[in-house]
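Structure first, commentary second.
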Amino acid sequence: MSITVKLAWKSLLNRKTTAILTIITVAISVVLLMGVERIRTQAKSSFANTISGTDLIVGGRSGQVNLLLYSVFRIGNATNNIDWKSYQEFSQHRTVKWAIPISLGDSHKGFRVIGTNHSYFEHYRYGQKRPLALAQGREFEGLFETVLGADVAKALGYQIGSEIIIAHGISDVGFSRHDNLPFKVVGILAPTGTPVDKSVHVSLEAIEAIHVGWESGANLGNNPSKQQLENTQFQPKQITAMLIGLKSKIQTFALQREINTYRQEPLSAILPGVALHELWGMMAVAEQALLIVSVFVVAAGLMGMLSSLLTSLQERRREMAILRAMGARPKHIFILLVSEASTLTAIGIAVGIIGVYTLLAIAAPIISANYGININLTAITSHEWTLLLLVQLAGIVIGIFPAIRAYRQSLSDGMTIRI
């Protein structure tokens, strides 16, 4: 058996160009298969870790996916707001440890503006319960101060001390801007890989202040000056949603039921984990499509290897005949060709593994910066080993076809072939 393996290796070295091309084809297939699988699983993990440590998300009566989208991912708009008195009642509930109010509705050059308070910076968690951290500056204190997400500052080139103009609504157009009330950048958050990076954070009082003189989204022209507003005490009338952390997880369902049956106004309380799972399930088709495409690429690579082996077999019929004449049995010829296919596949897999880790190391910071997906260069998982083993087995099966053909060739047929 060892002689057959050595012979297979020598045969591959004798056909370097064909062997290298076959290895590259298999390697590219493995890179795509493992790359798609790694990005798929890491995207799912990053998606699930967008918000962490929050027990309930509360908003106006709505479906849980819609509530999750606008409160966590800043996508879409709320069907209704929450009265400030309702927020105060539940934030002071005996089972509630902390509550984060969130007010949406304004924007700045395509980025959503989030009205909140200091509880946001203190209690908001993402990933494995990681807290928000300031890369520069401090939290807002004054009425017209803002803290930017990392992507906002990077994309628009803002620094500490820069001034920004907030626009009313999602569309940042001239007539909707609060031009007379610029906000000063006092802090920039460290990157999180979540929608926080694409948010502009201001106080709830600031949200109330900039809308003085606006009615139903229209500027009525009665706009107080910045100095007048800074000397006025503001209290929010409504918020869009609130994030709640409880003293004990056991109380989650009881409080959820109490909020959902709240008599003062129609509210919805959802469990972030359940809503995230439902939302990811809606994207399962795209997830499976990526995996299917990568499997077809692997199949195409293996078919290319089969074509190469069959083509070279026609040119090697005399070689096979000489081996037979020197005492090699048909089973030796069979094992020789299967060993060649197996060796090519194994080397292709090894090269592919090196390639995928190299590419991910290069692409990870780019993917994180542009898409918020954190790619960790972890060891190969058991599932990935299973996929690689299936590729190796497929390579062995592919080698059986030319091996059977060589097995059936007669000695006289091989010796009389013209080259």
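Points worth noting:
- Filtered residues of the stretch 32-85 (kept if basic (Lys, Arg), out of contact with any helix residue (DSSP H, G or I) (no Cβ under 7 Å at 6 or more places or on another chain) and more than 12 Å from Ser268 (Cα to Cα)): Lys85
Rundown of residues vs (1) in contact with a strand residue (DSSP E or B) (Cβ under 8 Å, 6 or more places away or on another chain); (2) crowded, with 19+ Cβ neighbours inside 10 Å, yes/no style:
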site: Val58; (1), (2): yes, yes
site: Val65; (1), (2): no, no
site: Asn77; (1), (2): yes, no
site: Asn80; (1), (2): yes, no
site: Trp84; (1), (2): yes, no
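- Qualifying residue in the stretch 21-37 (condition: closer than 30 Å to Leu359 by Cβ and surrounded by fewer than 18 Cβ atoms within 10 Å (Cβ to Cβ)): yes
- Close contacts from the stretch 224-237, counting a first residue that is farther than 17 Å from Phe140 by Cα and a second that is at pLDDT below 80 and of a type in the set (Lys, Arg), with Cβ to Cβ under 7 Å and a gap of 6+ residues or different chains, come to none at all.
Yes or no, residue by residue, for (1) assigned to a strand (DSSP E or B); (2) within 31 Å of the chain's Cα centre (by Cα); (3) free of Cβ contacts under 8 Å to residues at least 24 places away in the same chain:
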site	(1), (2), (3)
Asn80	no, yes, no
Lys85	no, no, no
Gln88	no, no, yes
Lys97	yes, yes, no
Pro101	yes, yes, no
Gly105	yes, yes, no
Ile114	yes, yes, no
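- Any hit, the stretch 255-274, residues being assigned to a helix (DSSP H, G or I), out of contact with any strand residue (DSSP E or B) (no Cβ under 9 Å at 6 or more places or on another chain), among the polar types (S, T, N, Q) and buried (at least 18 other Cβ atoms within 10 Å of the Cβ): no
- Looking only at the stretch 113-144, and only at residues there that are under 19 Å from Gln235 (Cα atoms) and among the aliphatic types (A, V, I, L, M), the one that is surrounded by the most Cβ atoms within 10 Å (Cβ to Cβ): Val113
- The stretch 275-287 residues that are over 16 Å from Gln42 (Cα atoms), paired with ones that are polar (S, T, N, Q) and part of a helix (DSSP H, G or I) (beta carbon under 7 Å, 6 or more apart): Ala275/Gln64; Glu278/Gln64
- His277 meets each of the listed conditions (1) in the same structural domain as Asn81 (by TED's automatic domain parsing); (2) under 16 Å from Gly63 (Cα atoms) apart from (1).
The values are calculated or read from the model by the stated rules, or taken from the named source; none is laboratory data. Predicted, not measured: the structure shown is a model, and the values here were computed from it. Positions of Cβ are generated from backbone atoms using ideal geometry, with glycine treated the same way; all protein chains shown enter the neighbour counts.
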